Structures are given as C-alpha cells and as structure tokens.
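Report on the following structure.
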Amino acid sequence: MGPSARRSRGRAVNGILVLDKPVGMGSNEALQRVKRMYRARKAGHTGSLDRLASGLLPICFGEATKLSGYLLNADKHYIATFLLGVTTTTGDAEGEVVSRREVPALSAAIIERATANFRGEIEQIPPMHSALKHKGKRLYQLAREGIVVERQPRRVSIHRFEVPRFDRDTIDVEVLCSKGTYIRTLAEDFGKALGCGASVVTLRRIGAGPFIAGDMVELETVESMAVQGLQTLDASLLSMEAAVSGWPSVRLPEGVAFYLRKGQPVQVPHSPTEGWVRIHTERAGFIGVGEVLDDGRIAPRRLFSPG
C-alpha cells in the first residue's frame, strides 16, 4: 500500500465532538479511540488534559481541524480540589510527596485574601511535568530523567478564582483562566500563599471557549452510539461553526465570496469594524473565518474546502 492510499484511509467526517474525557486516560489515547469509532480520516483534539484530569476535550474532525487553533487559544473553565499541606513532584496526586506541612487555621477571610492575589494577570513558572519543549525535548521527559531546567515565567490571566468549599485539609476551587494556565502551578503557588503548600487531587474541565459542560458526551455514550452505527455517531457531532459561535457573522454575495476564496480581502457593507468574524455565503452557508483589516476590509484566514 502506497503513501497516498494510507492517507485516504477513513471517512471524510466534518464536525466537533465535545468529549467528556475520563480520569486515567491520556488525551491522545481518547482521541485515537474516538477517531477509530468514527472511522474518521482526520481528527485532532484541542488542548490536552492530564491523565488525572477529566472533562471537556473538543475533538475536531476533518475540516473542523482548521479551527482547532482558535479553541486552543480560548479561555478554559475548571473545577478542582486542592489538598493542603502536601506538595508533590508533579503538583498533583500522581507525583511523589515532597513535603508535608501543618495546615494553619483557615477562615473565609483568609482564603479570600489569598485568592485575591491570584486574580487578574499573574506570572506562572511552567512545571517540569508539562508538554513544553526545551531544546527539542518535552519537559516531562526531562523530569522523568531527573533533569530540572530553568523555565521562564509566563503571564496568564485568571478571570475567576473562587473557593465554594473548604475544610481542614482540602479546598474546592473554580477557575476561569486564559490559555496556558497550569492549575497544578496555581495550587502550588496558592498553597505557598497559605503557608502550607498544596497539590491537586481532582481536576475537571467544564468549559473551553464556546463549549460548556452541557455539550459534553461521555466516552461510554460514544461507544454505545458506535454499536448503533455511523449515522448515530455523526448525529452527535456539533457543526464546525460551533467552534466560533460567539463571533459576529457576515454574509457575502456569491460574487464577493469568489474573490475571498482566492485569498483577497473584500469590502462588506455594515460589517464589524474590528476583530474576527464568521463568514457565510448565500448558497454555501458557513465557509470559514476572517479578520477585519485596518481599512475595514475582511481578509480570509481559514476557509473550508467545498463540500
């Protein structure tokens, strides 16, 4: 079998499955299982979740993979439980315990003062157990070899950091944050602020960009649908446009769309004056996304193949 035959294996499936990834499964493992069930030619996930974590993992099929970058850059919404007084090598329950310290007496006021310091724009030092690369090698690979390298702080935004419940040893948190935020690092830094250290014991993603918990489909449900057939699986997919559903929409006459498809910016009356837009045509419907230029024209950024 030649390379072209291998490339063509699978169905041309287009759409997005908002998977509820189970604990104990890697993001890529979940992707491959789902891709096999759909018999899809092309698929990719947007934003890895640790094996310890569960929850919202958008899987883009076919042409929808062109929009995956916008989901990667989107804000994320998490709920988690931090174990106070315990720090580990990984910042979560999968690592070896590094230290155990007594947890001071806590009150709502103490916790509120601590959380307030982490709202807004903050700096984080990425953990060694992360997928970032250093000289071509993943940090977690270096960490497994016992190698620690210097990491530069990164600026992230914490839009919401609330503590709905706490007791002597654990606190539940809700975090709405920008891309690139490490909840394990947030736990460690928050624990330092309380004077006792902390690590993550449970982590669940309940939002990413336009997707919310109600959009999620459990892996067991996907497996059940696979037994019923491909038509049932396909019916579970959200449209490609769902990835950018919060963006304003512009509608083009087919004559104008002709030039846009050739890569040329076009003038669209009554369109937004800045930012990103969804692009529709009179006949084809949603055809991709564009960006408003300084002169008001709309430039194509990601367009889909016809059909």
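Side notes on the structure shown:
- Pair list, Cβ under 8 Å, 6 or more apart: the range 267-290 residue closer than 15 Å to Glu254 by Cα, other residue assigned to a loop (DSSP other than H, G, I, E, B) and polar (S, T, N, Q): Phe286/Ser239
- Restricting the first member to the range 100-112 and to residues that are within 14 Å of Ile171 (Cβ to Cβ) and open to solvent by less than 40 Å² (accessible area, probe 1.4 Å), and the second to residues that are assigned to a loop (DSSP other than H, G, I, E, B) and of a type in the set (S, T, N, Q), no beta-carbon pair is closer than 8 Å while six or more apart or on different chains.
- All positions within the range 190-199 that are touching a residue at least 40 places away in the same chain (Cβ under 8 Å) and open to solvent by 40 Å² or more (accessible area, probe 1.4 Å): Ala193
Yes or no, residue by residue, for (1) of a type in the set (S, T, N, Q); (2) free of Cβ contacts under 8 Å to residues at least 24 places away in the same chain; (3) within 25 Å of Ala284 (Cβ to Cβ):
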residue	(1), (2), (3)
Met216	no, no, no
Gly229	no, yes, no
Thr232	yes, yes, no
Leu237	no, no, yes
Ala243	no, no, yes
Pro253	no, no, yes
Ala257	no, no, yes
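- Residue, modelled with the lowest pLDDT, within the range 138-174, restricted to residues that are touching a helix residue (DSSP H, G or I) at 6+ places or on another chain (Cβ under 8 Å) and open to solvent by 70 Å² or more (accessible area, probe 1.4 Å): Val148
- Glu123 vs. criteria acidic (Asp, Glu), out of contact with any Pro (no Cβ under 9 Å at 6 or more places or on another chain) and either touching a residue at least 12 places away in the same chain (Cβ under 8 Å) or buried (at least 17 other Cβ atoms within 10 Å of the Cβ) (or both): no
- Tallying residues that are in contact with a strand residue (DSSP E or B) (Cβ under 8 Å, 6 or more places away or on another chain), of a type in the set (S, T, N, Q) and either open to solvent by 40 Å² or more (accessible area, probe 1.4 Å) or farther than 18 Å from Ile59 by Cα (or both) within the range 225-244 yields 1.
- Pick from the range 274-298, criterion open to solvent by 50 Å² or more (accessible area, probe 1.4 Å) and more than 27 Å from the chain's Cα centre (by Cα), ranking: farthest from Ser68 (Cα to Cα): Asp295
- Arg205 vs. criteria closer than 27 Å to Thr89 by Cβ, of a type outside the set (A, V, I, L, M) and surrounded by 17 or more Cβ atoms within 10 Å (Cβ to Cβ): yes
- Selected residue (only one of Val222, Val266 is farther than 20 Å from Asn14 by Cα and open to solvent by less than 80 Å² (accessible area, probe 1.4 Å)): Val266
- Arg6 over 22 Å from Ala213 (Cβ atoms) and modelled with pLDDT of 95 or more: no
- Qualifying residue in the range 190-208 (condition: in a strand (DSSP E or B), at pLDDT 95 or above and among the aromatic types (Phe, Trp, Tyr)): no
- The lone exception for Thr281 - which of (1) modelled with pLDDT under 95; (2) farther than 16 Å from Leu303 by Cα; (3) not acidic (Asp, Glu) it fails: (2)
- In the set (1) closer than 28 Å to Phe82 by Cα; (2) modelled with pLDDT of 95 or more; (3) not acidic (Asp, Glu), Leu52 fails one condition alone, (2).
- Flag if Arg251 is within 26 Å of Ala74 (Cα to Cα), charged (D, E, K, R) and touching a Ser or Thr at 6+ places or on another chain (Cβ under 6 Å): no
The values are calculated or read from the model by the stated rules, or taken from the named source; none is laboratory data. Computed from a predicted model, the values in this text were never measured in an experiment. Virtual Cβ from ideal backbone geometry, glycine too; neighbours counted across all protein chains shown. Surface areas here come from the heavy atoms of the whole protein model, side chains and all, with no ligands, DNA or RNA. Shrake-Rupley method; radii C 1.70, N 1.55, O 1.52, S 1.80 Å.
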